[in-house]
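Student: Sharing a structure, written as C-alpha cells. Questions coming.
The values are calculated or read from the model by the stated rules, or taken from the named source; none is laboratory data. Worth saying up front: this structure is predicted, and the values here are computed from it rather than measured. Neighbour counts run over all protein chains shown; Cβ positions are idealised from the backbone, glycine included.
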Amino acid sequence: MTVCIIGAGYVGLTTGAILANFGHKVCCVDINKEKIDSLNQGMIPIYEPGLEEIVDKTLNNGCLSFSTNIKKAIIDNEIIFIAVGTPSNHDGSPNLSYIHQVTETIAESINEYKTIIVKSTVPPGTSEDIHQFLLKQNVDPLLFDVVSNPEFLKEGTAIYDTLHPDKIVLGIKQPKPVQTLQTLYKNIQAPYIITSLTGAEMIKYASNAFLATKISFINEIARICDAYDVEVEDVALGIGTDPRIGPYFLKAGIGYGGSCLPKDLRGLHYAAKKKEVPTSLLTSVQKINDEQIDIVLQKTRSYIGDLKNKHVAVWGITFKPNTDDVRESPSLKIIKQLQKEGAIIRAYDPMAAIDIEDVITPDDKYTAVKGADAVIIATEWDEFKHADWSKVKKIMNGNVIIDGRNCIDRRTVKPLGFYYLGVGRS
Ligand code: NAD
Ligand code: UGA
C-alpha cells in the first residue's frame with residue numbers, strides 16, 4: 001500500500017518506519033525543513049530506542065522516504081495519516097491549528113480516493129469536523145473516508161508498543177475503510193475496537209485521563225503512607241495484584257509529565273466544560289499532580305532548611321527515562337521552583353540537552369553533585385540507579401538524597417550516611 005504520513009514527530013516517524021518495515025511504501029512529510037533534511041541524511045532528530053535502525057533499513061531499501069512537499073505526497077499516496085502535534089493553548093484548549101492547516105492542504109490536493117486517518121490526539125468531534133470541512137470545500141464525498149485511529153504508544157518503548165498494541169481502535173462513519181486498515185496493519189496481532197469517529201477520540205482521551213488518575217491516586221496514597229510510615233510500594237503491590245485494579249501505573253513519584261497526559265487531561269476538561277459537564281475528578285487529578293512538586297520542595301527544605309544559596313543537584317531532566325523529551329517535565333518545574341527560592345542548581349541528564357538560565361549543566365552526574373547540599377533524582381535513568389554512592393558522598397557537601405522516583409536502593413545509600421527521602425518511602 002502507499003502511505004503518506006503528515007508530521008514526522010515521535011508518532012509519525014515511528015508509525016512511518018514500522019509501516020515501511022512491513023513493506024508498504026511510506027512517505028513521511030513535515031513542514032520542518034531542517035527535520036526532513038536531517039532525516040534524509042539518515043539522522044534521527046529524536047531519541048527513541050530502536051527507531052534509528054528501522055529508519056536506516058527502510059530508507060536504504062526504498063520503502064521509506066522523507067519530503068517537505070506535502071501536496072505531492074497527498075496526491076501520490078492512497079492512505080493519508082495526520083500525525084501533527086496538538087499542543088495546549090494558554091487556556092488549556094487543544095491547539096488544532098496544525099490539524100486545520102493539514103486539512104486545508106488535503107482539501108486542495110485530493111485528486112482520487114483517499115483514506116484519511118487521524119492519528120493525532122484530538123478532542124471529541126474533531127474528525128467529524130474534518131469530514132464536514134472537506135465536504136464544505138466541495139470535495140466529492142466519494143473521494144475520501146475519514147477514520148479516527150488514535151495512537152497509544154509510549155515514548156521510550158514506541159517501537160514495541162506499535163508492534164504489540166493491546167488493541168487497534170478505529171472510529172468510522174461507514175465500514176468501507178475497515179478492510180483497508182486491516183490490510184495496512186496485517187502484521188500486527190491485536191483486537192480491533194470499532195466505534196464512531198467521536199467514540200474513538202473519547203477512548204483516547206479517557207485512556208490518558210485514567211492513566212493520570214492512577215498516578216495521582218497513588219501519589220495521594222503516598223502522602224498518607226508518609227504520614228504513617230508505611231511503604232507505598234507495598235501498598236501498590238498489595239492492591240495491584242487484584243486484577244480489577246492491576247499493577248501498572250501505580251508508581252508514586254514527582255508526578256506525571258510529558259507531551260500528552262497533562263495536555264490531554266486539559267483537553268478533556270475543556271471538552272467537558274464546553275458542554276457544561278462537571279469534572280471534579282479530572283480537576284483533582286491535575287491538582288494532586290501539581291502539588292507533587294511542592295511536596296518535593298518541602299522534603300528538601302525539611303533537611304537542608306531555607307533553600308537560599310543552597311546547592312542542589314538535579315539528576316534527570318526528561319519526563320521519564322529512555323527519551324530525550326522534556327515537554328512538561330516535572331523536573332523542569334522543580335528546578336524553576338528551586339531557583340525561585342534562591343537555590344543554586346546543577347543539573348545533569350544522560351540524553352536531554354539542558355538550556356535553562358542560570359543552571360549549571362555538567363557533562364556527568366558526579367560533577368553535578370560537586371559541593372551539593374542535596375541531590376534530587378527527578379528521572380529514573382538506569383545510570384542513577386547504579387551510581388557509585390560512596391563517590392557521590394565524597395563529592396557532595398551535604399548528605400541528602402531526595403528520590404523523586406523511588407528508584408534508589410536504600411540499603412546501599414543509608415549505611416553510607418545519607419539521609420534518604422522517597423515519595424511514600426523512607
Ligand atoms: P511531535 O511534536 O513530535 O511531532 C509533530 C510534527 O508535526 C512536528 O515535526 C511538526 O513539525 C509537524 N507538523 C506540524 N504542522 C504540520 C503541518 N501543517 N504539516 C506537516 N507537518 C506538520 O508530536 P508527537 O509527539 O509525534 O505527537 C503527535 C500527535 O500524536 C499529538 O496529537 C499527540 O498527542 C499524539 N500522541 C503522541 C504520543 C507520544 O508519545 N509522543 C503518543 C500517542 C499520541
Ligand atoms: C502516555 C501513555 O502512557 C500512552 O499510552 C499514550 O499513547 C501517550 O501518553 C500519549 O498519548 O502521548 P508517555 O507520555 O510516553 O505515554 O509516558 P508514560 O509512560 O505514560 O508516562 C507519563 C508520565 O507519568 C511520566 O512522567 C512518568 O514518569 C509518569 N508515571 C508513569 C508515574 O509517575 N507513575 C507511573 O506509575 C507511571
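Student: Among the candidates Thr183, Thr115, which residue alone is part of a strand (DSSP E or B), more than 16 Å from ligand 1 (Cβ to nearest atom) and modelled with pLDDT of 95 or more?
Tutor: Thr115
Student: Can we say Val139 is away from ligand 2 (no atom under 16 Å from the Cβ), more than 18 Å from the chain's Cα centre (by Cα), in a loop (DSSP other than H, G, I, E, B) and surrounded by 17 or more Cβ atoms within 10 Å (Cβ to Cβ)?
Tutor: yes
Student: Restricted to segment 9-18, and to residues that are within 16 Å of ligand 2 (Cβ to nearest atom) and under 16 Å from Val84 (Cα atoms), which residue is surrounded by the fewest Cβ atoms within 10 Å (Cβ to Cβ)?
Tutor: Gly9
Student: Right, next: Given the criteria at pLDDT 95 or above, surrounded by fewer than 21 Cβ atoms within 10 Å (Cβ to Cβ) and either of a type in the set (S, T, N, Q) or in a helix (DSSP H, G or I) (or both), does Thr318 qualify?
Tutor: No, not satisfied.
Student: I want to confirm something. Restricting to segment 271-288 and keeping residues that are surrounded by fewer than 19 Cβ atoms within 10 Å (Cβ to Cβ), over 26 Å from Asn406 (Cβ atoms) and of a type in the set (A, V, I, L, M, F, W, C), which single residue is nearest to ligand 2 (Cβ to nearest atom)?
Tutor: Out of the qualifying residues, it is Ala272.
Student: Could you please find all residues in segment 1-44 being polar (S, T, N, Q), touching a Ser or Thr at 6+ places or on another chain (Cβ under 9 Å) and within 12 Å of ligand 1 (Cβ to nearest atom)?
Tutor: Thr14, Thr15, Asn32
Student: State which residue is nearest to Gly12 (Cα to Cα) when the search covers only segment 72-95 and only residues that are part of a loop (DSSP other than H, G, I, E, B) and either within 16 Å of ligand 2 (Cβ to nearest atom) or aromatic (Phe, Trp, Tyr) (or both).
Tutor: The qualifying residue nearest to Gly12 (Cα to Cα) is Ala83.
Student: Among the residues of segment 11-51, which ones are charged (D, E, K, R) and at pLDDT below 95?
Tutor: Glu48
Student: Could you grab the pairs with beta carbons closer than 7 Å, sequence gap of 6+ or different chains, first residue in segment 156-167 and over 24 Å from Thr379 (Cα atoms) and without any contact (Cβ under 8 Å) to a residue 60 or more places away in the chain, second one of a type outside the set (D, E, K, R) and near ligand 2 (Cβ under 10 Å from one of its atoms)?
Tutor: Pro165/Phe152
Student: What about Thr126, is it within 12 Å of ligand 1 (Cβ to nearest atom), in contact (Cβ under 8 Å) with a residue 40 or more places away in the chain, among the polar types (S, T, N, Q) and under 25 Å from Ile168 (Cβ atoms)?
Tutor: yes
Student: Also, quick follow-up: Residues of segment 164-185 being within 16 Å of ligand 2 (Cβ to nearest atom), surrounded by fewer than 17 Cβ atoms within 10 Å (Cβ to Cβ) and not basic (Lys, Arg), which ones?
Tutor: His164, Asp166
Student: Answer yes or no as to whether Phe217 is within 22 Å of Thr279 (Cα to Cα) and within 16 Å of ligand 1 (Cβ to nearest atom).
Tutor: Against the criterion (within 22 Å of Thr279 (Cα to Cα) and within 16 Å of ligand 1 (Cβ to nearest atom)), Phe217 does not qualify.
Student: Moving on to the next point. Quick one: in segment 142-161, of everything that is over 16 Å from Ile172 (Cα atoms) and not in a loop (DSSP other than H, G, I, E, B), which residue is nearest to ligand 1 (Cβ to nearest atom)?
Tutor: Ala158
Student: If a residue has to be over 22 Å from Asn21 (Cβ atoms) and more than 23 Å from the chain's Cα centre (by Cα) to count, how many in segment 150-190 make the cut?
Tutor: So the count comes out to 7.
Student: Could you please find all residues in segment 252-270 being surrounded by 21 or more Cβ atoms within 10 Å (Cβ to Cβ) and away from ligand 1 (no atom under 14 Å from the Cβ)?
Tutor: Listed by number, the residues that qualify are Ala252, Gly253, Ile254, Gly255.
Student: Could you say which residue among Tyr256, Tyr248 is within 16 Å of ligand 2 (Cβ to nearest atom), over 19 Å from Leu332 (Cβ atoms), hydroxyl-bearing (Ser, Thr, Tyr) and assigned to a loop (DSSP other than H, G, I, E, B)?
Tutor: Tyr248
Student: Can you go through Leu153, Leu96, Leu135, Leu143 and tell me which one is touching a Leu at 6+ places or on another chain (Cβ under 9 Å) and at pLDDT 95 or above?
Tutor: Checking each option against the conditions leaves just Leu143.
Student: A further question on this structure: Since Arg425 meets every condition but one in (1) surrounded by fewer than 15 Cβ atoms within 10 Å (Cβ to Cβ); (2) in contact (Cβ under 8 Å) with a residue 24 or more places away in the chain; (3) touching a helix residue (DSSP H, G or I) at 6+ places or on another chain (Cβ under 7 Å); (4) not hydroxyl-bearing (Ser, Thr, Tyr), which condition does it not meet?
Tutor: Tallying (1) surrounded by fewer than 15 Cβ atoms within 10 Å (Cβ to Cβ); (2) in contact (Cβ under 8 Å) with a residue 24 or more places away in the chain; (3) touching a helix residue (DSSP H, G or I) at 6+ places or on another chain (Cβ under 7 Å); (4) not hydroxyl-bearing (Ser, Thr, Tyr), Arg425 fails exactly one: (1).
Student: Just one of the numbered conditions (1) over 16 Å from Glu201 (Cβ atoms); (2) within 15 Å of ligand 2 (Cβ to nearest atom) is not true of Thr105; which one?
Tutor: It is condition (2) that Thr105 fails.
Student: From the residues in segment 19-62 that are buried (at least 23 other Cβ atoms within 10 Å of the Cβ) and among the aliphatic types (A, V, I, L, M), which one is nearest to Thr180 (Cα to Cα)?
Tutor: Leu19
Student: Which of (1) buried (at least 18 other Cβ atoms within 10 Å of the Cβ); (2) more than 17 Å from Arg405 (Cβ to Cβ); (3) of a type outside the set (Lys, Arg); (4) within 10 Å of ligand 2 (Cβ to nearest atom) is the odd one out, the single condition Ser207 does not satisfy?
Tutor: Every condition holds for Ser207 apart from (1).
Student: Which of the residues belonging to segment 321-350 are surrounded by 20 or more Cβ atoms within 10 Å (Cβ to Cβ) and β-branched (Val, Ile, Thr)?
Tutor: Thr323, Val326, Ile334, Ile335, Ile345
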